[in-house]
């Protein structure tokens, strides 16, 4: 049994972490730390959780101690730098849901995040926690950089293809749409219902901080072709829907691609291969990533749907915790007695 | 352990029943029966449930047998009449989620449902299953008429008041809004996203079939004043938000009212008293009913929020099953290890 | 031809005023005044209006002069007090879209608006501009208090009834829902798409500032029974949908009520009587108020739908301007060559 | 002055045609023809238009005569074949809003529309009506094939680029999202508010009938590189938002691209170049197409936003009518006295 500290637990992601920690059988205690919400109860901040989680006061982050085994950090970009080095030195496990340790190259932080990284030694050491990959290795570090929401959706959809066909790829282009919760709980005019209902809009074209993160992952798996990426706001609260276009040098057989994906994700309980493009609502409120693949001639289109707050943040963080500690990978993430684990979803549905 | 048959399990309500049965610890087997969906798998009909529930084929209703202990019936109004008498005669437990056995007076079916009731003897015998009421008595019958969605939201919000102040009431008026899933999964033009986004509309004014059902309940608890009721479509998928206006003969102390509600629902794990008007999203995807009460002078306004498919249908049906069999009332309805049951939400939050 | 100054022209209401002024044939010039947006162009603040209106810079309110004939004031409550007395003294016409001059009794401002009114002499003098009423008299003052959005929807729906049946009324209760634009363009957490999608919530129960405004109007037309009022947020951008419940002492004939309403609004081009409850989208983006009436026994339910930013604010302000100056009442408000004015919508549709 | 027949005028597109015809100064008469709605009044079918358009009965299509000068045809695909040859033979002008005459090659109809074209001689003769292109030539035919909604948004965004840089392009990939009204007014389950709220979903991947239409246009303007296209449902009623990714062989200067687009659309009153990605709501309810361009290295991303029912259907049809007859191109499409026509939106805003 472990004790958990949730640093920055009053945002949209923090709330989901609280819920997962409440029902996780290996977590016997968790505490929530915040800034502006310190002193409030979790029932005040999350009124919908009354009667679902135990009530507790949110503690001021300044009173953070080393009493816990694991620390989830869900803070705005740049702020994890203030906590991670100390936690790791103290022998704690840190799972950072922000972007401060995701990239490998410190220079990328200057270009994309506009700051100088103050603990670049951890960039090499950290585990980049794409929790559905068999390749992700949880030994050798106690710092897990939880992937970004877009990178999770996009990487899971492209890695098997790139691993097998990198030399056949001419270009890849990914169009991704996110619900507004991805922009956080702080009120901003362009995120108002009055602005977003009936709306859609691209943003940060050619400049989104998730671009270098995705590219780093795709390159690691063999991509050697140009990759382009566009992000948009979708008029919904939660979810990411990404569509990737792969132009190929020659035709590839659809059956072959399906077979490769099926095999690659055979042991991944949270990746579901679909025989049609998934609906976004199939994955909202879950830790699933649903993939749909369409092949015609030299054109391959792969769509990927996740819940940005769960699979793209808190759910994957719990999954990383589970894999790190050797717990059942689905512990706390499926709301039942794990009856499905043995069979999984082995066929394409 | 019991075996369950879900008759009409491919609609929005049926889907929730399937999910609840999957995780309910006292249900060791359930089967799904349908008409047009017979032969399909539940994964085909509910693609989002792949990997969450076990896959199974939907059985043609015509092959329905008496193999189960309990039958949930989620069919269009009028169709339960074909199944309930047989099931009860065979000694089975029937929980009807339709309206065919909710009213006590057979004549009301002619006026409000436009048909002649064919088994009126069961109207007296049945248990009207408002599952959050201590008064609901589960002995003496094996037919439970599960309340309608609007009647659940409205009755839970008004019963404590009426029980205590019936002679003080001049009039009650209730304005209720429902998400579109309340109108079912059959496609109709006025329910299209193209029609409903940005929209709202009253319907069935002075003629909704839930009016006599609510009135029957309120009268039972002592109402002797005029009651008026209006239903509307809300541009959301799920949820009911009801606002009741009570005009009083004399002023009543707000503290007294809160105290009465608190005491009345002291042992109800799914009714949450709020110190502010609840948000609808606080209850969606849950079996909770959230109540907010405002008093000023001789005006009392009580708002009530539920998920129409859960508390207003399937969740309450499971709660009725639990109470009928003497199981823990929350079994299957809270997605964790019941840690909260002992304490409940006893204070107003 | 007149010249118009729009004070506070960069909010949701101001934008609509700009659009109406652009196409109004009697307005030969208009300028926009703002605080934080001063110096920006209207194309920057309203990018969608590029190519639809002429571009111009927003002028700092501090540079406001008496150069215009008419001033629309669309500022937060309390701020009109700083402009109206000076404008009126200078012989200008002021149409105030805020609440600072709507109430007749200065004491009401202390109770409901929490401030001491600094120019109470104008409260008596002002014209309360319910522009669809034949009774509204535009002589004797050059200050028009434009009604609130809720008061417009509710008053138009109830006045004909109250005028004719005040002694038959036991109680009136009104449930009204507003799109989020009614709460303005300043970002607030509870107005985010992330919070409001799929949501609905009552607010300011028994304490909304529009309550005394509605009551003042209804009393003026003869109401002598209790009136109760509840406001809610609707998950849409624009529109108000109000449902009023009237409990009667004795039954009233539906035909008679329809006939009274038809006659009362016979010359009102913007009030449409419906033979069914209107949809909210029938009136959004228009200056119409649609009414639906249902009668059964001693219960009357009247629904009313308007666009909160147009009929509930800017459109009615233009209509007031038209009536004040004796222009065609629909000038600038119907986007065509007034072909329909002669016939109007005389029958119930 | 001309007389107009609207064939299939009771759908979403037909409704907009009715509104445009009502206010168009050169149309002195229009009649509406329908199948299932024949005999109803336009007020019954479009209740929101009461008081905005003149009421009239919808005539059965079987009673269609040659009394009009121009016929708009807004019917399901395949049905225009029954009307166009006769109308053209009779010397009438036909503007077909369906897809039956858009493609040049009759064989494409077998592959993409699954029927044999019965009047292929018109495929060569017809004018493909991309109304914002200077190149579109309205002489030599009286049959105008109005472009599809996706093809309008995508073609307008890519043509200037392709005309100038075709040899620099490696691949183009376009991700496009449409509001649900694009799928029509006939009720289908997947279009319900209950299904679409909070949702998004790709559909017809690699098989959408607009793919060959777009390709035909892009090829005409010089495209000689692979083009890929994916369509999605957006949880809104109206609008298309398309994002095109162009991978280049070498870097291109952003200023140069802006300059080319600005010059190309200099005389197009309905194409607005933006200095940021447009919001979808900037164009809904208008005939505008808003374009945003982002360039970084060898990656160009161009977003395009239109109202699918107006610029993507009825509005462009009116614009085609205007250009065909030599009327002012904006007649009937801007709701004011054309004050803006001389200046246009010549700069990027």
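Rule-based calculations on the coordinates, nothing more; no lab input. No experiment lies behind these values; they were computed from the predicted model shown. FYI the Cβ positions are ideal-geometry reconstructions off the backbone, even for glycines, and counts take in every protein chain you see.
Worth a mention:
- Residue of D:74, D:313, D:200 that the Gaussian network model of chain D assigns the largest fluctuation, springs spanning Cα pairs under 10 Å: D:200
- Förster-model FRET efficiency, 22 Å R0, residue A:137 and residue A:267, C-beta, rounded to 0.05: 0.90
- Averaging Cα coordinates gives a centre for the stretch D:155-199 and one for the stretch B:143-216; these two points are 39 Å apart.
- Relative contact order, whole percent, for chain B stands at 17, derived from Cα pairs under 8 Å and 6 or more residues apart.
- Residues listed by number, the stretch D:101-142, amide nitrogen under 12 Å from residue D:166 label point at 7 Å toward C-beta: none
- Residue order, fewest to most surrounding Cβ atoms within 10 angstrom, among D:234, C:273, D:280: C:273, D:280, D:234
- Computed over the stretch A:150-307: relative contact order in percent, which uses C-alpha pairs under 8 Å that are six or more apart: 31 percent
- At 7 Å out from Cα toward Cβ: residue B:325 inter-copy label distances (nm, ascending): 3.2, 7.3, 7.5
- Centre separation in Å (Cα based) which lies between the stretch D:7-42 and the stretch A:248-302: 45 Å
- Remark on the protein assembly as shown: Rg and Dmax equal 31.8, 89 Å (Cα only).
- Each residue, residue B:255 and residue A:255, gets one label point 7 Å from its Cα in the Cβ direction; the gap between the two is 7.9 nm.
- Size of the stretch A:259-314 from its Cα atoms: along the principal axes, largest to smallest, the extents are 38, 23, 16 Å.
- Degrees, to the nearest 10: B:210-220 long Cα axis against longest axis of chain B: 60 degrees
- With its label point put 7 Å out from Cα toward Cβ, residue D:89 sits 6.7, 8.1, 9.1 nm from the same residue's point in the other copies, in order from shortest.
- Neighbouring Cβ atoms from other chains, within 10 Å of the Cβ of residues in D:213-226, number 1 on average.
- Averaged over A:270-276, number of beta-carbon atoms from partner chains that fall within 10 Å: 2
- Chain B: most fluctuating residue of B:124, B:188, B:92 per GNM, C-alpha cutoff 10 Å: B:188
- Kirkwood Rh in Å, taken over all unlike Cα pairs in chain D: 20.7 Å
- Projecting label points 7 angstrom from Cα along Cα→Cβ for residue B:204 and residue A:224 puts them 6.6 nm apart.
- Peptide-level mean, for C:23-29, of C-beta atoms on other protein chains within 10 Å: 1
- Residue closest to axis [chain C; rotation mapping onto A; Cβ; Å]: C:187, 2
- P(r) tail fraction, the stretch C:150-308 - alpha-carbon pairs more than 18 Å apart, %: 58 percent
- The stretch D:53-94 versus the stretch C:78-129: alpha-carbon centroid distance in Å: 58 Å
- Nearest-ten-degree value, helix A:315-325 long axis tilted from longest Cα axis of chain A: 80 degrees
- Taking the label point 7 Å along Cα→Cβ, residue D:121 and its counterparts in the other copies are spaced 7.8, 8.5, 8.6 nm apart, in ascending order.
- Within chain A, antiparallel bridges make up roughly 45 percent of the DSSP beta bridges whose residues both belong there.
- Counting only alpha carbon atoms, the long axis of helix D:12-23 and the longest principal axis of chain D meet at about 80°.
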